[in-house]
Each structure stands twice: as structure tokens, then as C-alpha cells.
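Report on the structure given below.
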Amino acid sequence: MPAPRVIYEPKPGSPIEVDRPFYDRLAQRMEARTAVERFVVPKRSGLAWPVRAGQLFRIVAVEGPQVADLNVWNLGNPRERFWAARTKQLHRAHVTTYDRLWSSLPYLRPMLTITNDTIRYGRDEDGAGCHDLLGTRCDPYVHKMLNGEDFDLCCHSNLVRAVAPYRLTELDVHDVL
């Protein structure tokens with residue numbers, strides 16, 4: 001029997017490889033940029049904002065450790081959206097600098113590249129880290145299934161409310177980073 005073959009073995013120059021010096025320059029020149037917009041997302045809420053190709057955005061935990069569920073769509077085609085499982089398969093379970101967030105089929109292209117990661121958490125005694133693709137957001141359906149109670153102040157509902165101004169619905173909300 002032949003040895004197992006790695007199916008997704010990237011060749012040099014594949015889109016998995018990033019131009020590290022380019023992204024290092026982007027990360028190092030933050031002070032030279034002009035912020036177009038700044039906002040704080042209140043705890044237990046959600047916010048959506050457009051980021052165009054070539055733009056940078058930064059997420060900062062200003063009030064200590066927090067959960068920040070991230071959904072990403074192509075602004076011109078919401079069927080193209082972040083695919084957590086494929087991103088995990090192509091990179092790792094805990095993404096960090098130089099990793100890309102990949103879009104769904106049939107598009108399968110990088111939607112974002114992480115240029116810097118200022119959270120130096122590392123790994124805890126259980127092997128857990130930050131920016132994981134292992135779980136998903138809390139939602140009212142599982143809450144109701146487990147305890148019979150209605151509860152709408154959860155991550156899923158916050159995402160649904162946040163994307164409504166962009167004509168996206170609950171059916172558009174997907175697995176998160």
C-alpha cells in the first residue's frame with residue numbers, strides 16, 4: 001500500500017504564502033496612517049462596517065479580555081463570505097500574523113490577511129489560545145433547546161442586528177473568528 005499523500009500541499013508561490021516583508025511594512029507604519037473612522041463596540045452588542053480592498057482595519061480590546069466574534073462578507077457579493085473551516089484547514093486552529101481568512105466556495109480566495117497580532121496570550125495549560133476557529137458563537141436556538149428559555153442578547157443575535165443595515169439577514173450570519 002502506498003504511503004498517504006498530502007492532498008493540500010502548497011507549492012512555492014501559492015496564495016497560502018504571503019509577502020511577509022510587505023505585511024511587516026504595513027504593520028509597522030500604523031502611526032503614519034490617518035484613521036478614517038474610530039468607534040467602540042459596546043459590550044454585548046455588535047457593529048458592522050465596510051472595509052474596501054486595500055484598506056486596513058484594526059480591532060483592539062480596550063476594556064480587557066473580551067470575545068469579539070468576526071463575520072466577513074464580500075461587500076458586492078454577500079454569498080462570498082469568510083469560511084472558518086477552510087481557513088483552519090489551510091492555516092491553523094488559532095490564526096495569527098500572516099494568516100489569511102479565506103472565502104467560501106466557489107470563490108476560495110483570501111479576504112483578509114492578518115498583519116499584526118498584539119495579543120501575546122500564547123497557550124494556556126489546556127493548549128487554548130486566542131483567535132480560534134474551533135467553536136462558534138452563542139445563539140438563542142441552542143439556549144432555548146437546552147433550557148427552554150428565550151434569550152436574545154447573545155452573539156448570534158448581536159451579529160444579526162449589526163448586519164441588518166447592509167440588507168443581510170440571519171441566514172447570512174456565519175461561523176466566526
Item to check | Every residue from the range 38-87 that is within 14 Å of V176 (Cβ to Cβ), out of contact with any helix residue (DSSP H, G or I) (no Cβ under 6 Å at 6 or more places or on another chain), of a type in the set (G, A, S) and part of a loop (DSSP other than H, G, I, E, B) | outcome: A68
Checklist entry - Checking P106 against (1) free of Cβ contacts under 8 Å to residues at least 40 places away in the same chain; (2) assigned to a strand (DSSP E or B), which single condition isn't satisfied? => result (2)
Next on the checklist: Name the single residue that is farthest from D139 (Cα to Cα) among those in the range 36-50 being among the aliphatic types (A, V, I, L, M) and without any contact (Cβ under 8 Å) to a residue 40 or more places away in the chain.
Outcome noted: V36
Checklist entry - For Y121, which of the numbered conditions (1) modelled with pLDDT under 95; (2) in contact with an Asp or Glu (Cβ under 9 Å, 6 or more places away or on another chain); (3) within 17 Å of I59 (Cβ to Cβ) fails to hold? => result (2)
Checklist entry - When Y23 is evaluated against the numbered criteria (1) in a loop (DSSP other than H, G, I, E, B); (2) farther than 24 Å from T169 by Cα; (3) touching a strand residue (DSSP E or B) at 6+ places or on another chain (Cβ under 7 Å), which criterion, by number, is the only one it fails? => result (1)
Checklist entry - Out of all the residues in the range 141-159, is one or more in contact with a helix residue (DSSP H, G or I) (Cβ under 6 Å, 6 or more places away or on another chain), farther than 14 Å from A68 by Cβ and touching a residue at least 24 places away in the same chain (Cβ under 8 Å)? => result no
Checklist outcome for this item: Restricting the range 131-177 to residues that are among the hydroxyl-bearing types (S, T, Y) and exposed (fewer than 15 other Cβ atoms within 10 Å of the Cβ), the one modelled with the lowest pLDDT turns out to be T136
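The values are calculated or read from the model by the stated rules, or taken from the named source; none is laboratory data. The structure presented is a predicted model; accordingly, all values stated were derived computationally and were not measured. All Cβ positions, glycine included, derive from the backbone under ideal geometry; neighbour counts span all protein chains shown.
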